[in-house]
Amino acid sequence: MSGIIKIFCMPYLLSCIHLLPDGSDLTFSTKSSGHISILKYRPSRSIPSRHFIASKLSLLIHQSAVAFFARPKANLSGCNCFLYKPAAQLSRKYVAIMKSDGGRHMQVLRDVLEKAQRDGVGVGHFNIGDFVILKAVFASAQDLKVPVLVGVSEGERKFLGTRQIAALVKSLRDEFDFPIFLNADHTHSLASAIEAAKAGFDSIVFDLSALPFEQNIRQTKEAIEALKGINPAILIEGEIGDIGTGSEIHDAAPDLSKGLTSPEEAKQYVDATGVDILAPAVGNMHGMLASMVQGTTKKHLDIARIAQIKSATGVFMTLHGGSGTEDEDFRKAIAAGINVVHINTELRVAWRRGLERGLANHPNEVVPYKILPDAFEAIKQVATSRLKLFNSTK
Ligand SMILES: [Zn+2]
């Protein structure tokens with residue numbers, strides 16, 4: 001499908017984009033003639049997706065409108081101009097990107113999750129508490145040529161810097177043209193979620209699962225409106241049920257059996273909030289027991305429940321607390337509808353063991369880049385084995 005649409009204003013352009021069939025990719029070169037822009041569209045794998053451009057345009061229109069009406073004496077006759085200008089700038093930017101990119105595909109997280117769902121694979125999510133972990137996870141994903149999500153909790157953001165970690169991940173994505181995405185993991189306040197959205201995170205886990213159900217629904221809905229106003233392409237994940245707290249080594253297993261998510265409440269929650277992604281409690285648990293670290297016991301998942309929740313809601317689903325889970329359960333969970341799998345504690349254990357080995361191997365060394373490769377290798381080994389498993393379709 002290809003053609004040209006003449007557009008007279010940005011809302012009209014947006015409505016044209018939304019009329020195109022799903023899967024159409026777009027390129028648009030705006031040629032200015034008064035207030036008329038021209039949108040050309042043609043199918044191609046080498047250009048940003050329809051959804052991505054529409055999202056960017058929504059954001060630009062919103063920002064331009066706010067700036068325009070904030071002027072002391074707003075002149076309404078200038079409406080077309082203020083709407084047109086950002087589009088022209090945006091199109092110039094994409095033309096430049098497409099040229100410099102040599103026609104390679106730019107993806108957004110939603111595209112990656114949709115593809116994973118179609119292919120029956122899971123996207124690995126790894127928490128990155130420091131640069132060595134980020135480097136090791138990125139190297140694993142690069143070796144395997146699979147997309148990857150990296151996450152930072154509120155505690156990790158406080159330590160690393162919200163904008164600083166966003167800049168680091170963006171630099172990897174841009175320099176290597178690689179689908180690495182950044183998630184604000186377990187965010188408990190709107191202020192902290194807004195900070196992440198403004199810093200350019202691709203997704204946010206807005207976790208009010210500790211609150212009563214109705215309150216969780218109301219506040220999550222409000223948060224989604226605020227966050228999509230900052231970046232319409234951002235994906236918001238909501239959580240219900242009890243999966244414990246702390247990606248650490250626990251002395252005893254908490255009793256989470258009463259906090260399992262039911263398909264009915266999952267549907268009610270998704271319908272009422274409009275979350276893009278749901279994090280259910282399906283036998284998963286944050287952290288690991290010492291016996292799981294030793295490998296003598298494993299976590300098991302309620303696969304039937306995952307399938308029921310998926311068919312009731314139809315949304316993307318994340319499995320939190322994946323560390324220490326039986327391999328076969330992961331495969332079945334992905335087949336039943338899980339799209340993203342979180343691994344944190346296993347990486348933290350590898351980080352510590354690798355670091356201890358590095359220090360033991362170099363007792364008199366003070367140069368970080370001579371000590372840290374042991375930690376890097378240990379983390380990379382874990383990340384690689386998990387990514388291979390999640391991306392296998394057997
Ligand atoms: Zn989690």
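Residues in the stretch 229-253 that are more than 20 Å from residue 324 (Cβ to Cβ) and more than 16 Å from the ligand (Cβ to nearest atom): how many? Adding up the residues that qualify gives 6. Of the helices (runs of 4 or more DSSP H) lying entirely inside the stretch 139-247, not one carries at least 1 residues that are on the phi > 0 side of the Ramachandran plot.
Of the residues that sit in the stretch 155-191 and are surrounded by fewer than 18 Cβ atoms within 10 Å (Cβ to Cβ) and small (Gly, Ala, Ser), which one is farthest from the ligand (Cβ to nearest atom)? That would be 171. Residues considered: 299, 258. Of these, the only one that is within 16 Å of the ligand (Cβ to nearest atom), surrounded by fewer than 21 Cβ atoms within 10 Å (Cβ to Cβ) and not polar (S, T, N, Q) is 299. Here is the figure for the stretch 321-355: residues that are part of a loop (DSSP other than H, G, I, E, B) and among the hydrophobic types (A, V, I, L, M, F, W, C) total 1. Looking at the stretch 135-150, can you tell me whether even one residue there is touching a residue at least 12 places away in the same chain (Cβ under 8 Å), crowded, with 20+ Cβ neighbours inside 10 Å, within 12 Å of the chain's Cα centre (by Cα) and within 16 Å of the ligand (Cβ to nearest atom)? Scanning the stretch 135-150, I find at least one residue that is touching a residue at least 12 places away in the same chain (Cβ under 8 Å), crowded, with 20+ Cβ neighbours inside 10 Å, within 12 Å of the chain's Cα centre (by Cα) and within 16 Å of the ligand (Cβ to nearest atom), so the answer is yes. Residues that are at pLDDT below 95, assigned to a loop (DSSP other than H, G, I, E, B), touching a strand residue (DSSP E or B) at 6+ places or on another chain (Cβ under 7 Å) and under 23 Å from residue 240 (Cβ atoms) within the stretch 284-315 comprise 284, 285, 287, 301, listed in sequence order. Contact annotation: no residue pair with Cβ atoms under 7 Å, 6 or more positions apart or on different chains, pairs a residue in the stretch 342-363 that is not assigned by TED's automatic domain parsing to the domain that holds residue 321 with a partner that is within 16 Å of the ligand (Cβ to nearest atom) and among the charged types (D, E, K, R). Condition first: buried (at least 22 other Cβ atoms within 10 Å of the Cβ) and small (Gly, Ala, Ser). Now tell me which residues in the stretch 111-133 satisfy that. Across the stretch 111-133, the qualifying residues are 122, 124.
Return yes when residue 117 is polar (S, T, N, Q), under 27 Å from residue 334 (Cα atoms) and modelled with pLDDT under 95 and no when it is not.
no
The values are calculated or read from the model by the stated rules, or taken from the named source; none is laboratory data. None of these values were measured; they are calculated from a predicted model. When we count neighbours, we look across all protein chains shown, and the Cβ atoms used for this are built from the backbone with ideal geometry, even at glycine.
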